[in-house]
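The values are calculated or read from the model by the stated rules, or taken from the named source; none is laboratory data. Every value quoted in this text rests on a predicted model; they were computed, and no experiment measured them. Don't worry about glycine lacking a Cβ; one is built from the backbone with ideal geometry, like all the others, and counts go over all protein chains shown. Heavy atoms of the whole protein, side chains included, go into the accessibility calculation; ligands, DNA and RNA do not. Shrake-Rupley method; radii C 1.70, N 1.55, O 1.52, S 1.80 Å.
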Amino acid sequence: MFVLGCGGMSLYGVTFAQKLLQHGEFQQALEAATKHKAQDPSDPEPWYDRARALAGLGQHEDAVAEFLRALELDREAQVLPDGDVDDHLFSTLLAWAQGLAEGRAEEKVAILGRYRAALPGGTHAAEIDEWAQRFRGLLKTTWVKPRE
């Protein structure tokens, strides 16, 4: 287990929660980011760190809410790495949608639609349409997992 103290504040540009995330310590990262958020609720970093930790714990819906709040706060602060936030938000929405049962295609499409609403110019916008077609059974997945 990776252990750091001092709540969740940044040390040399990396929060303690981010260090924990790098080591896959999602629950501990969530706790560190929660402490950091309590100390400075207007800082987008702890919201982003919480989102990543929640995603790692499979709590996708809660993670998306945290990503969206982080993005909202970052409009002014401009401290989050745009490409990383974009990728993490998309992958979390996709994991959430894929985790729903078969036969819920329109719900899956609606979940992915949150990406376009949050990041209209996001780098994964075209993928939203492709995944919508997959969920509706109109586009087959051609990728095959290589055999080990």
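From the list 105, 101, the one residue that fits, being in contact with a Gly (Cβ under 8 Å, 6 or more places away or on another chain) and open to solvent by less than 70 Å² (accessible area, probe 1.4 Å), is 105. Keeping to region 72-98, report how many residues are under 11 Å from the mean Cα position of the chain (by Cα), farther than 16 Å from residue 60 by Cβ and open to solvent by less than 50 Å² (accessible area, probe 1.4 Å). Selection size over region 72-98: 1.
Name the residues in region 55-66 that are surrounded by fewer than 24 Cβ atoms within 10 Å (Cβ to Cβ) and not in a loop (DSSP other than H, G, I, E, B), would you? Hits for region 55-66 are 56, 60, 61, 62, 64, 65. Mind checking whether some residue in region 65-86 is among the acidic types (Asp, Glu), in contact with a helix residue (DSSP H, G or I) (Cβ under 8 Å, 6 or more places away or on another chain) and under 23 Å from residue 27 (Cβ atoms)? Taking every residue of region 65-86 in turn, at least one turns out to be among the acidic types (Asp, Glu), in contact with a helix residue (DSSP H, G or I) (Cβ under 8 Å, 6 or more places away or on another chain) and under 23 Å from residue 27 (Cβ atoms).
Scanning region 108-148 for residues that are among the hydroxyl-bearing types (Ser, Thr, Tyr) and modelled with pLDDT of 95 or more, which turns out surrounded by the fewest Cβ atoms within 10 Å (Cβ to Cβ)? Let's see the steps before the verdict.
So in region 108-148, the residues among the hydroxyl-bearing types (Ser, Thr, Tyr) come out as 115, 123, 141-142.
Filter again for modelled with pLDDT of 95 or more, leaving 115, 123.
Working: 115: 23, 123: 12.
Of everything passing the filter in region 108-148, 123 is surrounded by the fewest Cβ atoms within 10 Å (Cβ to Cβ).
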